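The values are calculated or read from the model by the stated rules, or taken from the named source; none is laboratory data. Keep in mind that this is a model prediction, so the values were computed, not measured. Cβ sites come from the backbone with ideal geometry, for glycine too, and all protein chains shown count toward neighbours.
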Ligand SMILES: *[C@@H]1O[C@H](CO)[C@@H](O)[C@H](O)[C@H]1NC(C)=O
Ligand SMILES: *[C@@H]1O[C@H](CO)[C@@H](O)[C@H](O)[C@H]1NC(C)=O
Ligand SMILES: *[C@@H]1O[C@H](CO)[C@@H](O)[C@H](O)[C@H]1NC(C)=O
């Protein structure tokens, strides 16, 4: 008998106990040669010692879904008084008593795998399954290589392992099945050479699954492995091309490579002289691109083919008709075109035809599909047209009656014409559970021939279908989960019986944009979203909404709801993500948020008659991104306490009665760090503009413009929309672009100067300070706002000249400087030449085009810097400019970058200033940077206003 080294007191004690126990049992019964050996018992107990199996977080029924088994505390009956061969999950070789198999999958194990865990001391272990336990970021130890002579099956999937997969894994030469996959993601990394070793040197490997493991490398161009039956490398960051012979591996039946966005085409050629056994091919979300090759028809065993989101173009190859085994075809989200072939009906096993989000066109002939087998037909978001009528008789109805297995039909977002009688459709397609006709071009009418047409429907999407009457056949649909009747012509009250729809299981309801005037009692406590916007519903806020504890999206905007918003709405925030009560007639105060604010991201109460102050409890809404409470009668002061909300991007308080001056609290360092859009217009704010806040609007500075992706503020797939004044007119912004930063402080009583620091908010697109009492010059620094499209400073008391720097704002499409006291020549510049007189009128002393008044006298050089540089960028330019060719300058430049003390700069500049000024006299703008490496384009010579104007 060989014992593992005993240096752990617990183990020693255990060992003693086991010895005694085994002695006792050996004494009391005849010696059993098949008994689990003491050393192996010990190894298992030691393994158990490091794990607990008590509080495993069991939120998902993953084991049920993926393995078909349940979580169970598997090591509960592991104790020394019984033979370890009888323990749950342990398999022994009954002739030797050796532990040869451990299946602890879904065993509710929690803890870490230690590098020197005793587990590797089971010399005969053939099969190890630890799948779906929580090993809490442990690494897979290199000692795994010690199983090299025994292990044939290893499954550590879904175990939350992290770190690198040790190269010793390739020593497991007997391995037939290896699964290290993660479930949704994985922190495991694998060097590409390890994968390539596995694929090149294994002689027994049949199943390899590394889904989600971070590999980030390319596959070999040719694969030698002949034993492989299934390969799953989903979302592993694969790059490069597919191995040329991958479809001809003699045993390969299942190939999953989805989610590898850098895995490029071309589609490997298929060698027709060898048999391909490939049954499942999933290449979705790869960069396969190009046309689907004809050779795909050689994969004659295919029954599952997914090429969705691959950037494919062209039409469907005819050779697909050779895939007689095909049951699942997903080509969605590509750019495929052409019309639908007629040969689908020749594929007798075809169950799913998923072609949505492509550019297919032409007509759809339902008798071209395999009527008996078809379960799912998804043709949404294409350009199909032609007339399809499904009325209570006619040829299509006959065809539909043969689609006895169809459960899913999606024709939405196409250009069909025709009328569908809902009950006729539903009573012919008796197994249909999901019908999607939104925006298909089809009109849906209801004759209420058969009220119990198909009570099994689970989802009905009929937006933009000219539905005139709330369909009575809905009443029988106790399983309905999703109902979309938005954008139709339904008038009047929703019938009282509607409360029966879906039993208590209705999850989504969209009745927006109809002419609905009244609602039944709302009893759907399971709703996740409810959209009732843009109707004419009157009455009080339906209190029963407060009982919908799963409600995530609520939109009842643009109706005629009135009365006070009940305080229980403050509890809806616990589950809600967006709440939109805008444009109604609610009055009274904004309810307080009580318990917590959950995940609330958007709160829209604009356009009501709410009064009182903005409740401080909103500061509990840590996830709030958008707060729109404009167009009400709110009073009190600026809610500076919202400045702590880390995610707040949009704050709209316009058209209220807010007053007082805006003073940033000095206690918090970074206020409104994420703010992109601030609209305080039409209030009664006084005092200086909030300079301190401008300093803190970090999201409006240094925004890196991503040209690649247009990013919008959204929540759960819905874009936030707001109305703002842009370019002089009020306009609705249906989607807020995250780069679209706006400050609108117009129509208040702000006074004092425009702070230069505004020039540091470089991503600003719209700045509106009109209709205030601002004085002083227009800061030169506004010329830094290179993204600016709209600038309105009209109706203030601004003086001085219009800075030449504004003429360089290449995107400036709207400018209004009228009704101020500006003087001098209107700058010339490409954008400025597009503005008309009404951008400048009401400034008596302005001259030059486009105003009729001509300028007198000679051209005076303009002041080219603000009196007091807060941002320091001008200084940098000065110093770097000076550094041209002079060693002293380089030193100064260096020191300037390493210190922020402005005073100190001034001293240095005073020393060199004389030199610079002399030089500047001979320079013309724009400064030509001959020597300067880092040339700051908005170059200015001096901070001293008088230097140049002398
Ligand atoms: C509202 O519904 C009508 C009728 O379907 C449609 O014509 C209109 O475009 C919809 N309005 C919006 C804003 O979608
Ligand atoms: C704010 O409005 C409420 C309700 O109209 C009023 O009772 C209160 O006095 C107002 N507060 C201020 C500071 O004006
Ligand atoms: C600028 O504002 C003035 C006064 O409000 C207005 O009359 C003028 O039309 C505006 N100019 C432009 C370009 O909108």
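Restricting the first member to segment 651-664 and to residues that are farther than 19 Å from residue 611 by Cβ, and the second to residues that are part of a loop (DSSP other than H, G, I, E, B) and within 15 Å of ligand 2 (Cβ to nearest atom), the beta-carbon pairs closer than 7 Å and six or more apart or on different chains are 662/638. Across segment 609-618, a minimum of one residue is classified as away from ligand 2 (no atom under 16 Å from the Cβ) and outside any loop (DSSP other than H, G, I, E, B).
Checked against the criteria, residue 278 does not count as without any contact (Cβ under 8 Å) to a residue 60 or more places away in the chain, under 24 Å from the mean Cα position of the chain (by Cα) and crowded, with 21+ Cβ neighbours inside 10 Å. Taken together, the criteria place residue 590 among residues that are on the phi < 0 side of the Ramachandran plot and assigned to a loop (DSSP other than H, G, I, E, B). Among the residues of segment 627-641, not one is over 14 Å from residue 680 (Cα atoms) and in contact with a strand residue (DSSP E or B) (Cβ under 8 Å, 6 or more places away or on another chain). How many residues are within 16 Å of ligand 1 (Cβ to nearest atom) and part of a loop (DSSP other than H, G, I, E, B) when one looks only at segment 531-555? So the count comes out to 6.
Within segment 365-399, being part of a strand (DSSP E or B) and surrounded by fewer than 15 Cβ atoms within 10 Å (Cβ to Cβ) holds for 383, 387. Within segment 559-580, the residues that satisfy the criterion of being touching a helix residue (DSSP H, G or I) at 6+ places or on another chain (Cβ under 8 Å) and modelled with pLDDT of 90 or more are 566, 579. When segment 746-784 is filtered for residues that are within 16 Å of ligand 3 (Cβ to nearest atom) and at negative phi, the ones remaining, listed by number, are 746, 748, 766, 767, 768, 769, 770, 772, 773, 774, 778.
The C-beta contact set for segment 455-472 (first residue free of Cβ contacts under 8 Å to residues at least 60 places away in the same chain, second residue part of a helix (DSSP H, G or I) and away from ligand 3 (no atom under 16 Å from the Cβ), distance under 6 angstrom, 6+ apart or interchain) comprises 455/476; 471/422.
Identify all residues within segment 785-815 that are surrounded by fewer than 22 Cβ atoms within 10 Å (Cβ to Cβ), within 13 Å of ligand 3 (Cβ to nearest atom) and not in a loop (DSSP other than H, G, I, E, B); write none if there are none. Across segment 785-815, the qualifying residues are 790, 814.
Would you call residue 505 surrounded by fewer than 19 Cβ atoms within 10 Å (Cβ to Cβ), on the phi > 0 side of the Ramachandran plot and either in a strand (DSSP E or B) or more than 16 Å from ligand 3 (Cβ to nearest atom) (or both)?
Considered against the rule, which asks whether it is surrounded by fewer than 19 Cβ atoms within 10 Å (Cβ to Cβ), on the phi > 0 side of the Ramachandran plot and either in a strand (DSSP E or B) or more than 16 Å from ligand 3 (Cβ to nearest atom) (or both), residue 505 comes out as no.
Would it be correct to say that residue 776 is more than 16 Å from ligand 2 (Cβ to nearest atom), touching a strand residue (DSSP E or B) at 6+ places or on another chain (Cβ under 6 Å), at pLDDT 90 or above and over 20 Å from residue 663 (Cα atoms)? Spelling it out, residue 776 is indeed more than 16 Å from ligand 2 (Cβ to nearest atom), touching a strand residue (DSSP E or B) at 6+ places or on another chain (Cβ under 6 Å), at pLDDT 90 or above and over 20 Å from residue 663 (Cα atoms).
Within segment 155-170, the set of residues being surrounded by fewer than 18 Cβ atoms within 10 Å (Cβ to Cβ) and under 25 Å from the mean Cα position of the chain (by Cα) comprises 162 only. Here residue 818 does not fit the description of being more than 16 Å from ligand 1 (Cβ to nearest atom) and assigned to a helix (DSSP H, G or I).
Return yes when residue 108 is crowded, with 20+ Cβ neighbours inside 10 Å and at pLDDT 75 or above and no when it is not. Here the answer is yes, as residue 108 does meet what is asked.
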